[in-house]
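Written below as structure tokens is the structure these notes are about.
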Amino acid sequence: MRKIIFICFIFFLMSCGKKIEKTELRPRPVNEMGLIATYSSSFAKLHDVPIHAVELGEGFWKTRLDFNHNRAIPSLLQLLEEHGVVDNFRRLSGRQDTARRGYRFTDSDIYKWIEAAALSLQSYNSPELKAKLDGVIDDILAAQDKDGYLNTYFMDERAKNRLTNFRDDHELYCLGHLIQAAIAFYRGSNERKLLDGAVRYADFIIERFGPGKKQCFAGHPEIEMAMVELYRTTGEKKYLDFAGYLLNDVDVANLEQPVKSSDFDYAFSGRPFFSREELVGHAVRAMYACCGATDYYLETGHPAVWNTIKKLWRDMTFYKMYITGGVGSRYSGEAFGAKYELPNDRAYTETCAAIGNLMWNWRLLNATGEAKYADLMEKILYNGFLSGVSLHGDFYFYRNPLESFGDMVRQPWYDCTCCPPNVQRTLASLPGLFYSTNSEGLWIHQYNNNELNWKLEDGTSVFLAQTTKYPWEGTIEIEILPKNKTEFSLFLRIPEWTSAASILVNGEKTPSSAVPGSYYNIRREWKKGDKVVLDLQMPVRVVYANPRLKENAASFVIQRGPVVYCIESPDHPGISIFDIFCPIDTQNPATGFKPHFDQNFLGGIVSIEIEALVTTHSLEQVPLYDFEKYFLPTRTTTMKAIPYYAWANRGASDMAVWIPWLVE
Ligand SMILES: [Zn+2]
């Protein structure tokens, strides 16, 4: 019997590792490719719309993209220059006589900056930024070795150490970012120069490593999704196969340098992806690995990889994700914790991990067309991602705790500056995340003022305009102008948070009701001037945690629309926010909350006030235990909540997302 089980197991492994042949790519011009080009992906249910097809109008996201383009991207290049990141390339080509500076993975920072600038240039016409971009790319390519190798830390005096320590050296990680930067630049400009350089380096690696050759593994995943995107860009299947090798087929017993088993947990790499049972280890690494695996699934339909992806997504959303969409709760190792290990003040929640989560869910949305992935993207965008950047776009958080005691100040630069350029490339990519197409029609995932100028998959040109005060109000007007009268489906995401949604088409109510957490399909013959009005009820919500999450027992979170709120000390002078309790009417928990829009407060937000209680003397004056012995007089106070993303824009402050409640 045992023998039979063993044979079955071997067969299972063989079938998991089996190469899956892909059907022919559907060719598409490079300037029509989106952020990830899923148009040709055999297992994509939805397909990409290029960034330049979506023009944001004045509103929530345009303000942030303007800051990103005008302030943040130029100022970060200046900081990268000041810290020697570009000089590290110039010294190799003799253009600069200087020592190499920074961590071994600093090349990835300038690559991410290139990606941000290249994506931003799809939305903004800026010859000045293009010239700077060309200059940086020229400096990078001038440093490349004749054989294709390119990593400033392992050239010159450290050349003998190159490609020997995959666990620590980040060479494949930096290559992944080079490939992504090159693809973004190519898709935006139609210029191949950086892509050709990236291809030469990718080929250098693939010629030396892989099945039947020397073994390597991704000490920091990232390379997998880059390789799949390189396949989508060039049509060369060897890049897809190399991604599959890194995900599932590395012969870890024969690595150049022995690696401990625990390192494969920390890196979320090395062992077959399809053998993973839960999210462990370094959160950014795990999220990037999941992105790469989902990209691989989109091309191959690999069933075991897909089963694992679904298992890991459930593990994250049921046990290991904050209400902000942030992940990676543990300081030690910047890692995922155990089930329900989600401390608020010690939350690590690196900005890059939230970005990885966003990128993963974009791929999952492309794979399935299921609203839960777009809902989670929205949650991350307005909360766990956006908290990582200041209101003016050029000060950042590396960590994003949900509670703070006055010790967090945003910085323009971190010695490990992975997050700032990651924020920038994410903001610049945003227009590419609003829409998709499939053979049935057009899908709207995110709501904000914008105009879409694109085409259906049968080639019919379509213009669509959204007008809304989202996320502060839930009404979205959508005007549709197809070039000719055309029948197609318009899929509208009905967010999971809405209490009720109604849809009018040219003033008439749609026959069936819209279900939160799904897409509503309006199929009809559309003609110029047709108008859809989507009305999403957006009451203040009181959100409780699963009691297994003991950290948040007897606390609640205020949420309105997609926005998670917090309370912050500047809004509560003279008292500690940690002495505030909020009476909750259990029959009607949202009673008493007063939302108010103020254009001149924190960049224009809806703040929410409620009459709450504050202890007359601080709780710090009472011992830890036998609390029931103490009578604590209270008085009423106005508690003011602001969007979590807007905290720490008024200097160091106390902040809390979870608020203690009292039953009335
Ligand atoms: Zn980071």
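The values are calculated or read from the model by the stated rules, or taken from the named source; none is laboratory data. This one's a predicted model, so the numbers in the text were calculated from it and none came from an experiment. Counting neighbours? That spans all protein chains shown, and the Cβs are built from the backbone with ideal geometry, glycine included.
Table for the structure above
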quantity: Condition met for GLY219 (closer than 27 Å to TRP360 by Cα, part of a loop (DSSP other than H, G, I, E, B) and at pLDDT 95 or above); calculated: yes
quantity: Near pairs, Cβ below 7 angstrom, 6+ apart or cross-chain, from region 352-366 (under 16 Å from LEU312 (Cβ atoms) and outside the structural domain of MET321 (by TED's automatic domain parsing)) to any residue that is within 13 Å of the ligand (Cβ to nearest atom) and outside any helix (DSSP H, G or I); calculated: none
quantity: Filtered residues of region 349-380 (kept if outside any helix (DSSP H, G or I) and either more than 16 Å from the ligand (Cβ to nearest atom) or of a type in the set (D, E, K, R) (or both)); calculated: GLU350, GLY369, GLU370
quantity: Neighbours by Cβ (under 7 Å, 6+ apart or cross-chain): first from region 548-563, free of Cβ contacts under 8 Å to residues at least 60 places away in the same chain; second assigned to a loop (DSSP other than H, G, I, E, B); calculated: ALA553/PRO547; ARG560/MET538
quantity: Looking only at region 482-496, and only at residues there that are modelled with pLDDT under 95 and surrounded by 16 or more Cβ atoms within 10 Å (Cβ to Cβ), the one that is nearest to the chain's Cα centre (by Cα); calculated: PRO482
quantity: From SER618, SER576, SER607, SER653, residue being of a type in the set (Gly, Ala, Ser) and more than 30 Å from THR351 (Cβ to Cβ); calculated: SER618
quantity: Residue in region 42-51 that is among the aromatic types (Phe, Trp, Tyr), touching a Leu at 6+ places or on another chain (Cβ under 8 Å), farther than 30 Å from GLU451 by Cβ and in the same structural domain as HIS177 (by TED's automatic domain parsing) present; calculated: yes
quantity: Region 394-417: number of residues that are of a type outside the set (Asp, Glu) and either crowded, with 22+ Cβ neighbours inside 10 Å or away from the ligand (no atom under 16 Å from the Cβ) (or both); calculated: 10
quantity: Of residues in region 646-664 being part of a strand (DSSP E or B) and at pLDDT below 95, the one farthest from LYS550 (Cα to Cα); calculated: VAL663
quantity: Selection within region 276-302 - over 21 Å from ILE36 (Cα atoms) and out of contact with any Gly (no Cβ under 8 Å at 6 or more places or on another chain); calculated: ARG276, GLU277, GLU278, LEU279, VAL280
quantity: Selection from region 606-645 of residues that are under 20 Å from VAL563 (Cβ atoms), in contact with a helix residue (DSSP H, G or I) (Cβ under 6 Å, 6 or more places away or on another chain) and assigned to a strand (DSSP E or B); calculated: LYS640
quantity: Leading residue by the ranking (farthest from ASP598 (Cα to Cα)) among those in region 481-496 that are assigned to a strand (DSSP E or B) and in contact with a Gly (Cβ under 8 Å, 6 or more places away or on another chain); calculated: PHE488
quantity: Residue match in region 420-428 (condition: crowded, with 19+ Cβ neighbours inside 10 Å, at pLDDT 95 or above, more than 16 Å from the ligand (Cβ to nearest atom) and outside the structural domain of GLU525 (by TED's automatic domain parsing)); calculated: yes
quantity: Failed item, numbered, when ALA553 is tested on (1) of a type in the set (A, V, I, L, M); (2) farther than 27 Å from THR468 by Cβ; (3) modelled with pLDDT of 95 or more; calculated: (3)
quantity: Qualifying helices (runs of 4 or more DSSP H) (wholly inside region 70-166; at least 3 residues being of a type in the set (Ser, Thr, Tyr)); calculated: 106-120
quantity: Test result for ASN546, of a type in the set (S, T, N, Q) and farther than 22 Å from GLU378 by Cβ; calculated: no
